[in-house]
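Novice: For reference, the structure I am asking about is given below.
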Amino acid sequence: MNFEQYDVNSLMFITNRPPLVFTEGSGMWLTDHNGKRYLDYLQGWAVNCLGHSPQCIQDALAAQTKKLINPSPAFYNEPSIKLAALLTANSCFDRVFFANSGAEANEGAIKLARKWGKKHKDGAFEIISFNHSFHGRTLATMSASGKHGWDTLYAPQVPGFPKAELNDIGSVEKLINANTVAVMLEPVQGEGGVIPASREFMQALRELTTRRGLLLIVDEVQTGMGRCGALFAHQLSDIAPDVMTLGKGIGGGVPLAAMLCTEAVACFEPGDQGGTYNGNPLMTAVGVAVMEALLQPGFLPSVQETGAYLRAELLQLCQQHGLQGERGEGLLRALELGRPIGAQLVEAARELQPLGLLLNSPRPDLLRFMPALNVSRDEIKQMISMLSGLLLQLK
C-alpha cells in the first residue's frame, strides 16, 4: 500500500514524521504498511517494557473488557486496588494516586509538595529541579524541566522551580531558602542524554533534604519499572524518597501512570486532586500484568545481565569506530558519538533494507537505546551489526 493513500492531513502537525504507518508489532519488531520490519530500540520511548503486544497484556485487556471498563473514579475497582497493593508492597511508599501520563503524575507530585508545604512549612512552594531535566509537557512540568528553550516557549513559566546541576550537591544547597519545599530529579536524565545521578549524589541529596526538612521527589517515569535493572532506579542508591512518579513502563504500552508517596506526605483532601480516568480498571489491569511479569523470579537480574551485555557491545563498537564511549543504567543506555551525526544515523538506520532499525538521538552527538526489557542477545548483536555498518558508511 502506498503511503499517499493515507490522508494524514487531519492530524495536527506537532512533529516531523517519516512517511510510513506502523500496522503491527511483536516483541522487538514493528511492521509498516508495506510489510517492512524494523528492529525497534525506541519501544515507544521506554514504554513497552515487555515489547510490542506481549501476551500477558493481550490477555489482561481481553479479560478486563469482559468485566468492567470504566466505573468512574468515584468508586473502587479491583484492578486498581490490586496494582496499588503491588506497588506499595514492593517499594518504600504507602499511598498511590493513578494517572494517565508521566506528566500528569509529575503534576500531581508538584501539587502534593505544595500542599504539604502549605500545611507543614509555612507555605513553602519552591521545588528545586535540575538543568537538562525533563518532567513533562504541562505548563508546570515544563517549568520544572531544565530543557533548553522551554523557559520562553509558553511564557510566562509557572514560578517556583530554581535549577541546580546534577551531581553537584553544592549547587542544590545554595538554592535552598525559606520558600523551598522539595527537590525533584530523575535518577537518570533520559531526554537530557542518559546522564545518571551518581550513587554518592543521590545519597547526599537524601541526607541534605532530610536535614533541611525538605521532600525528595524522584521522577521515575523513564527509569522505573525495571528499566535500570532494579524495580525502581533510586533503589540502586539505597535511598528512600518521599515521593515517586511512574509512567511509561508501568502500562507496558497503555496510558497509565502513578504518583506514590509515604504516609507522612499523603496530605491531599477530598477535592484536591482527581481525574476522569484515574485508576481506570482497564489500564490498571494491564499494570497488574506488567508488575507480575517484572516480579517473576530472575526477571530483574536478567535485565542487569542484558544491560551489562549491551554495555559491553557498545564499548566494543566504540573501540572499532573511535567513538567517545557509552553510559547509562540497565537497559537505558547511550552511545557517545563524538560528532553530530545522530540524526543522520537515525534516518539511515530506518531506511536500511530489507530490515530497518529504529534509533533515537536526543542530542546531535548521542544515540539512546531503550529496548524491551526482555530483548535477546541475538537482537542486540543484530542491532550492533546494523549500526556498525552505518558507522562505516558515515566515516
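The values are calculated or read from the model by the stated rules, or taken from the named source; none is laboratory data. Keep in mind that this is a model prediction, so the values were computed, not measured. Positions of Cβ are backbone-derived with ideal geometry, glycine not excepted, and every protein chain shown enters the neighbour counts.
Novice: Quick one: count up the residues across the range 35-51 that are assigned to a helix (DSSP H, G or I) and out of contact with any Cys (no Cβ under 9 Å at 6 or more places or on another chain).
Specialist: Start the filter on the range 35-51 by keeping residues that are assigned to a helix (DSSP H, G or I), which leaves 43-46.
Add one more test, that the residue is out of contact with any Cys (no Cβ under 9 Å at 6 or more places or on another chain), and what stays is 44-46.
So the count comes out to 3.
Novice: Mind listing just one residue for me: the one in the range 336-352 that is among the hydrophobic types (A, V, I, L, M, F, W, C) and farther than 14 Å from Arg368 by Cα and, of those, surrounded by the fewest Cβ atoms within 10 Å (Cβ to Cβ)? Let's see the steps before the verdict.
Specialist: Looking only at the range 336-352, we keep the residues that are among the hydrophobic types (A, V, I, L, M, F, W, C), and these are 337, 341, 343, 345-346, 348-349, 352.
Imposing the further condition that a residue be farther than 14 Å from Arg368 by Cα reduces the set to 348, 352.
Working: Ala348: 20, Leu352: 16.
Applying the filter and picking the extreme gives Leu352.
Novice: How about the range 363-395: which of its residues are of a type outside the set (A, V, I, L, M, F, W, C) and out of contact with any helix residue (DSSP H, G or I) (no Cβ under 8 Å at 6 or more places or on another chain)?
Specialist: First pass over the range 363-395, keeping only residues of a type outside the set (A, V, I, L, M, F, W, C): 363-365, 368, 371, 374, 376-379, 381-382, 385, 388-389, 393, 395.
Scanning the range 363-395 gives Arg368, Ser376, Asp378, Glu379, Gln382, Ser385, Gly389.
Novice: Of Ile69, Ile128, which residue is touching a Pro at 6+ places or on another chain (Cβ under 8 Å), part of a loop (DSSP other than H, G, I, E, B) and β-branched (Val, Ile, Thr)? Quick ask: steps written out before the conclusion?
Specialist: On the way: Ile128 fails: part of a loop (DSSP other than H, G, I, E, B).
Matching residue, one of Ile69, Ile128: Ile69.
Novice: Residues being under 29 Å from Leu139 (Cβ atoms) and either buried (at least 24 other Cβ atoms within 10 Å of the Cβ) or in contact with a helix residue (DSSP H, G or I) (Cβ under 6 Å, 6 or more places away or on another chain) (or both): count how many of those fall in the range 94-103. Explain how you work it out, then say what you get.
Specialist: Kept after step one, since they are under 29 Å from Leu139 (Cβ atoms), are these residues of the range 94-103: 95-103.
Then drop every residue that is not either buried (at least 24 other Cβ atoms within 10 Å of the Cβ) or in contact with a helix residue (DSSP H, G or I) (Cβ under 6 Å, 6 or more places away or on another chain) (or both), which leaves 96-99, 102-103.
The number of residues fulfilling the criteria is 6.
Novice: Could you tell me which of the residues Glu78, Glu165, Glu126 is farther than 25 Å from Gly275 by Cα and surrounded by fewer than 24 Cβ atoms within 10 Å (Cβ to Cβ)? It would help to see each step written out before you state the result.
Specialist: Working: Glu78 fails: farther than 25 Å from Gly275 by Cα; Glu126 fails: farther than 25 Å from Gly275 by Cα.
Residue meeting the stated conditions: Glu165.
Novice: Can you confirm whether Ala46 is closer than 22 Å to Gly279 by Cα, outside the structural domain of Thr276 (by TED's automatic domain parsing) and either surrounded by fewer than 16 Cβ atoms within 10 Å (Cβ to Cβ) or among the hydrophobic types (A, V, I, L, M, F, W, C) (or both)? Please lay out each step first, then the result.
Specialist: Numbers: closer than 22 Å to Gly279 by Cα: yes; outside the structural domain of Thr276 (by TED's automatic domain parsing): yes; either surrounded by fewer than 16 Cβ atoms within 10 Å (Cβ to Cβ) or among the hydrophobic types (A, V, I, L, M, F, W, C) (or both): yes.
Against the criterion (closer than 22 Å to Gly279 by Cα, outside the structural domain of Thr276 (by TED's automatic domain parsing) and either surrounded by fewer than 16 Cβ atoms within 10 Å (Cβ to Cβ) or among the hydrophobic types (A, V, I, L, M, F, W, C) (or both)), Ala46 qualifies.
Novice: Would you point out which residue out of Thr31, Thr65 is at negative phi and not assigned by TED's automatic domain parsing to the domain that holds Met225? Before you say what the answer is, go through the steps one by one.
Specialist: Values: Thr65 fails: not assigned by TED's automatic domain parsing to the domain that holds Met225.
Among Thr31, Thr65, only Thr31 is at negative phi and not assigned by TED's automatic domain parsing to the domain that holds Met225.
Novice: Give, as residue ranges, the strands (runs of 3 or more DSSP E) completely inside the range 293-395 that count at least 3 residues that are closer than 17 Å to Cys228 by Cα, over 18 Å from the mean Cα position of the chain (by Cα) and not assigned by TED's automatic domain parsing to the domain that holds Asn90.
Specialist: Details: elements: 325-329, 332-336, 356-358, 360-363, 366-369.
Per the criteria, no element qualifies.
Novice: Mind listing just one residue for me: the one in the range 272-308 that is in contact with an Asp or Glu (Cβ under 8 Å, 6 or more places away or on another chain) and buried (at least 20 other Cβ atoms within 10 Å of the Cβ) and, of those, nearest to Met370 (Cα to Cα)? Spell out how you get there, then give the answer.
Specialist: The first filter runs over the range 272-308 and keeps only residues in contact with an Asp or Glu (Cβ under 8 Å, 6 or more places away or on another chain), leaving 275, 281, 289, 307.
From what's left, buried (at least 20 other Cβ atoms within 10 Å of the Cβ): 281, 289, 307.
Values: Pro281: 27, Ala289: 20, Gly307: 10 Å.
Across the range 272-308, the extreme among qualifying residues is Gly307.
Novice: Taking Gly325 as the residue in question, decide whether it is modelled with pLDDT of 95 or more, of a type outside the set (Val, Ile, Thr), in contact with a Cys (Cβ under 9 Å, 6 or more places away or on another chain) and over 26 Å from Val47 (Cβ atoms). So that I can check it myself, show each step before the final result.
Specialist: Values: modelled with pLDDT of 95 or more: yes; of a type outside the set (Val, Ile, Thr): yes; in contact with a Cys (Cβ under 9 Å, 6 or more places away or on another chain): yes; over 26 Å from Val47 (Cβ atoms): yes.
Taking the combined requirement at face value, the residue satisfies it.
Novice: Right, another one. Can you name every residue in the range 1-34 that is surrounded by 10 or more Cβ atoms within 10 Å (Cβ to Cβ), of a type outside the set (Ser, Thr, Tyr) and assigned to a loop (DSSP other than H, G, I, E, B)?
Specialist: Pass one, the range 1-34, residues surrounded by 10 or more Cβ atoms within 10 Å (Cβ to Cβ): 1, 3, 6, 8, 17-34.
Subsequent filtering for residues that are of a type outside the set (Ser, Thr, Tyr) retains 1, 3, 8, 17-22, 24-25, 27-30, 32-34.
Residues satisfying the conditions are Met1, Val8, Arg17, Pro18, Pro19, Leu20, Val21, Met28, His33, Asn34.
Novice: Quick one: is Val47 within 16 Å of Met225 (Cα to Cα) and touching a Lys or Arg at 6+ places or on another chain (Cβ under 7 Å)? If you could, list the steps in order and put the result at the bottom.
Specialist: Details: within 16 Å of Met225 (Cα to Cα): yes; touching a Lys or Arg at 6+ places or on another chain (Cβ under 7 Å): yes.
Against the criterion (within 16 Å of Met225 (Cα to Cα) and touching a Lys or Arg at 6+ places or on another chain (Cβ under 7 Å)), Val47 qualifies.
Novice: Would you pick out the residues in the range 138-174 that are touching a Phe, Trp or Tyr at 6+ places or on another chain (Cβ under 9 Å) and assigned to a loop (DSSP other than H, G, I, E, B)?
Specialist: Ser145, Gly146, Lys147, Gln157, Pro159, Gly160, Glu165, Leu166, Asn167, Asp168
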